[in-house]
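**Student:** My questions will all concern the structure given below.
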Amino acid sequence: MAQDNSSRVTEFILLGLSDTQELQLLFFTFFLLAYTMILLGNLLIIVTVRTDPKLSSPMYFLLCNLSFIDICCTSVTAPRVLVALLSGHKAIAFEGCMAQLFFLHFVGSSEMFLLTVMAFDRYTAICRPLHYTAIMARRACWALVAACWAGGFIHSIVQTALMLQLPFCGPNTIHSYFCDVPPVIRLACADTALTEWLMASNSGLISLGCFLVLVASYALILAKVRARVSQGNWKALSTCASHVMAITLFFMPCIFTYLRPAGTLPPSKYVCVIYTILSPIMNPLIYTLRSSEVKESMWRLWKSCRT
């Protein structure tokens with residue numbers, strides 16, 4: 001264990017997902033392919049939306065921001081995991097660990113807030129179409145996105161401040177592949193019961209609150225369109241169903257991880273893969289690539305690049 005003269009831990013050891021050499025090679029391949037897909041898929045969406053004037057509606061503006069957040073969220077953990085799996089160097093400095101924790105919660109909570117804004121956008125478009133242009137004006141969209149980032153920053157500052165006030169002087173082995181609140185707080189050399197409850201009420205209630213708002217918004221949309229059987233409404237219903245699948249995939253692991261004190265149940269490092277890797281892969285497929293407008297824009301972009 002790496003310590004300084006005051007017996008304070010100066011680095012942590014990230015054990016990763018497995019110690020087996022064969023599994024490490026498998027995990028490296030999985031993380032490399034997943035990270036490449038996330039980068040290419042989300043960058044393609046950003047470029048397509050930014051270059052095509054036809055994709056200037058608030059929905060695509062928010063989707064472009066979601067793609068950017070997904071890239072940031074995965075980049076907080078995936079490169080460090082790939083380096084560790086390739087080199088076998090599992091140590092991370094204390095400052096690096098706290099920085100990773102900060103940025104993970106910063107972009108993660110910002111994504112939660114943004115998904116909530118996107119649900120509001122869909123609710124307004126379907127349930128209040130005559131007022132949609134006025135409610136979701138470009139200035140309002142910029143303000144909502146800025147509020148998402150500001151909310152994520154405030155949340156992350158609180159989480160990191162609670163972690164930094166804890167003493168770490170004993171074990172420094174983290175049973176995960178990145179630094180997060182549940183596995184790190186278990187290593188503190190103090191009674192962390194109050195801090196755990198504060199963190200659970202912070203991260204957990206944000207996850208649960210955003211999830212309930214999202215479910216309620218899509219329930220209202222369903223109630224609005226269920227009596228209509230036109231093709232457009234069936235398309236809206238199909239879109240809402242796919243969105244509910246995406247938010248469930250993202251929010252349920254977060255609620256399971258954060259809506260409880262760290263000592264009540266053992267942490268599951270495999271659950272973390274769902275919201276750090278699988279969800280950013282699924283978001284472009286569910287939110288964007290199902291849209292015929294986006295696919296047509298991508299095809300035009302491809303033909304313009306070839307000429």
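**Student:** LEU164 passes all but one of (1) farther than 30 Å from SER18 by Cα; (2) exposed (fewer than 14 other Cβ atoms within 10 Å of the Cβ); (3) among the hydrophobic types (A, V, I, L, M, F, W, C); which number fails?
**Tutor:** Just one mismatch for LEU164, condition (1).
**Student:** Report, by residue number, each residue of the range 145-174 that is under 29 Å from LEU115 (Cβ atoms) and not in a helix (DSSP H, G or I).
**Tutor:** Passing the criteria: only ILE174.
**Student:** Restricting attention to the range 84-102, and to residues there that are modelled with pLDDT of 90 or more and either over 19 Å from HIS175 (Cβ atoms) or under 16 Å from the mean Cα position of the chain (by Cα) (or both), which single residue is most open to solvent (accessible area, probe 1.4 Å)?
**Tutor:** Taking the candidates together, the pick is GLU95.
**Student:** Of all residues in the range 120-144, how many are part of a helix (DSSP H, G or I) and farther than 19 Å from VAL215 by Cα?
**Tutor:** 14
**Student:** What pairs come out if I take residues in the range 174-202 that are touching a residue at least 40 places away in the same chain (Cβ under 8 Å) and open to solvent by less than 10 Å² (accessible area, probe 1.4 Å) and pair them with residues that are among the β-branched types (Val, Ile, Thr) and outside any helix (DSSP H, G or I) whose C-beta lies under 7 Å away, six or more apart or interchain?
**Tutor:** Filtered contacts from the range 174-202: ILE174/ILE13; CYS179/ILE92; VAL184/ILE174; ILE185/THR192.
**Student:** Go over the candidates ARG128, ARG139, ARG50, ARG122 one by one and state the one that is of a type in the set (Lys, Arg) and crowded, with 18+ Cβ neighbours inside 10 Å.
**Tutor:** Every option except ARG122 fails the conditions.
**Student:** On the given criteria, is VAL81 of a type in the set (Val, Ile, Thr), surrounded by 17 or more Cβ atoms within 10 Å (Cβ to Cβ), without any contact (Cβ under 8 Å) to a residue 60 or more places away in the chain and out of contact with any Gly (no Cβ under 6 Å at 6 or more places or on another chain)?
**Tutor:** No: the conditions fail for VAL81.
**Student:** Residues being within 25 Å of SER304 (Cβ to Cβ) and either not in a helix (DSSP H, G or I) or not hydrophobic (A, V, I, L, M, F, W, C) (or both): count how many of those fall in the range 33-57.
**Tutor:** Final tally of qualifying residues: 11.
The values are calculated or read from the model by the stated rules, or taken from the named source; none is laboratory data. None of the values given here were measured: they were computed from a predicted structure. Cβ: placed from backbone, ideal geometry, glycine included. Neighbour counts: every protein chain shown. Accessible surface is based on the protein model in full, side chains and every heavy atom, while ligands, DNA and RNA are left aside. Shrake-Rupley method; radii C 1.70, N 1.55, O 1.52, S 1.80 Å.
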